[in-house]
Amino acid sequence: MSSSLNAQAFDLSGFQLEGKVALITGASSGFGNHFARVLAAAGAKVVVGARREDKLQTLVKEIQTSGGEALAVAMDVTQIDSVAAAFDTAEQAFGTVNVLINNAGVAVPKMVHKTSEADWDFVVDTNLKGAWIVAAEAARRMVSAGSGGAIVNISSVLGLATSLGHGVYSASKAGVIQLTKHMALELADKNIRVNAICPGYFKTEMNGEYFDSEAGKKYIALTPAKRLGEMNEMNAPLLLLASDASSFINGVALPIDGGHLLMSI
């Protein structure tokens with residue numbers, strides 16, 4: 001039995017990204033910064049975007065020093081002209097973007113009745129409208145080039161469940177999941193797959209202060225895994241959905257949360 005298995009060929013080349021051009025939004029910190037490194041290590045030419053291009057230069061230099069190809073672009077995901085200009089720059093340098101990691105996001109943790117219209121606009125404009133602007137631009141260019149591709153929208157477990165103080169953020173991330181499903185349906189015949197990753201709690205610049213507090217530590221101790229996620233635990237799901245290895249996976253919202261959504265009520 002074992003000799004038969006050993007003799008069987010398993011082709012894992014689909015997880016590699018050589019020949020792919022990947023654009024990552026919100027790449028100046030947190031998940032986006034990590035995702036860029038992972039995709040570059042898998043062979044993709046990476047274009048990293050954020051509102052302040054200067055904050056991306058260290059990341060670009062580190063990828064280039066490791067033997068990868070990388071480019072920084074200024075991009076405000078809430079502005080159509082800014083997004084189009086970033087894609088133009090990416091195409092001029094590397095060709096058509098055929099992998100998009102739609103990661104830019106913000107949060108304003110407040111109870112709904114204490115949330116202002118400005119808070120709503122800030123969160124929804126970036127997390128949902130921005131995700132739509134960038135994904136739609138990527139899709140138009142993939143269709144025009146006939147290249148096909150993969151779009152990975154970064155949602156959240158809070159798009160699948162509720163939590164006190166995160167109503168607006170949760171609404172925006174739930175919208176990203178529904179947007180993902182609709183785009184997956186509409187673009188399937190163009191050889192473009194659209195999926196979402198829904199991270200649970202990982203320590204980033206956005207939430208680090210809370211998780212270092214006693215209240216944050218107590219909360220995490222109540223979750224099934226009793227710990228935060230480690231960034232490297234995002235690598236395999238990211239590579240799966242960004243690469244041709246997921247050629248028959250489309251329209252999913254994949255939680256990476258250590259079973260957090262399974263908590264008993």
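Could you go through region 222-241 and let me know if any residue there is assigned to a strand (DSSP E or B), small (Gly, Ala, Ser) and either free of Cβ contacts under 8 Å to residues at least 60 places away in the same chain or under 29 Å from Val99 (Cα atoms) (or both). The answer is yes, given that some residue of region 222-241 is assigned to a strand (DSSP E or B), small (Gly, Ala, Ser) and either free of Cβ contacts under 8 Å to residues at least 60 places away in the same chain or under 29 Å from Val99 (Cα atoms) (or both). If only residues of region 27-42 that are part of a helix (DSSP H, G or I), under 12 Å from the mean Cα position of the chain (by Cα) and of a type in the set (Gly, Ala, Ser) are counted, the one that is nearest to Lys203 (Cα to Cα) is Gly30.
Do the conditions hold for Ala22, that is, is it within 19 Å of the chain's Cα centre (by Cα) and assigned to a helix (DSSP H, G or I)?
Numbers: within 19 Å of the chain's Cα centre (by Cα): yes; assigned to a helix (DSSP H, G or I): no.
The answer is no for Ala22.
Counting the residues of region 194-221 that are modelled with pLDDT of 90 or more and part of a loop (DSSP other than H, G, I, E, B) gives 3. Looking across region 91-114, the residues that are touching a Gly at 6+ places or on another chain (Cβ under 7 Å), farther than 20 Å from Ala22 by Cα and not hydrophobic (A, V, I, L, M, F, W, C) come down to Pro109, Lys110. Of all residues in region 201-255, exactly one satisfies the criterion of being in contact with a Lys or Arg (Cβ under 7 Å, 6 or more places away or on another chain) and hydroxyl-bearing (Ser, Thr, Tyr), namely Ser246.
Exactly one residue among Gly159, Gly146, Gly130, Gly165 is surrounded by fewer than 19 Cβ atoms within 10 Å (Cβ to Cβ) and either in contact with an Asp or Glu (Cβ under 8 Å, 6 or more places away or on another chain) or within 24 Å of Gly30 (Cα to Cα) (or both), and that residue is Gly165. The strands (runs of 3 or more DSSP E) falling completely within region 43-122 include none with 3 or more residues that are at positive phi and surrounded by fewer than 21 Cβ atoms within 10 Å (Cβ to Cβ). Within region 60-79, does at least one residue satisfy the condition of being modelled with pLDDT of 95 or more, under 17 Å from Ala104 (Cα atoms) and among the charged types (D, E, K, R)? Yes, that holds for at least one residue. From the list Gly95, Gly130, Gly148, the one residue that fits, being small (Gly, Ala, Ser), modelled with pLDDT of 95 or more and under 25 Å from Phe248 (Cβ atoms), is Gly148.
The values are calculated or read from the model by the stated rules, or taken from the named source; none is laboratory data. Nothing here was measured: the structure is a model prediction, and the numbers come from that model. All Cβ positions, even for glycine, are placed from backbone atoms using ideal geometry, and neighbour counts span all protein chains on display.
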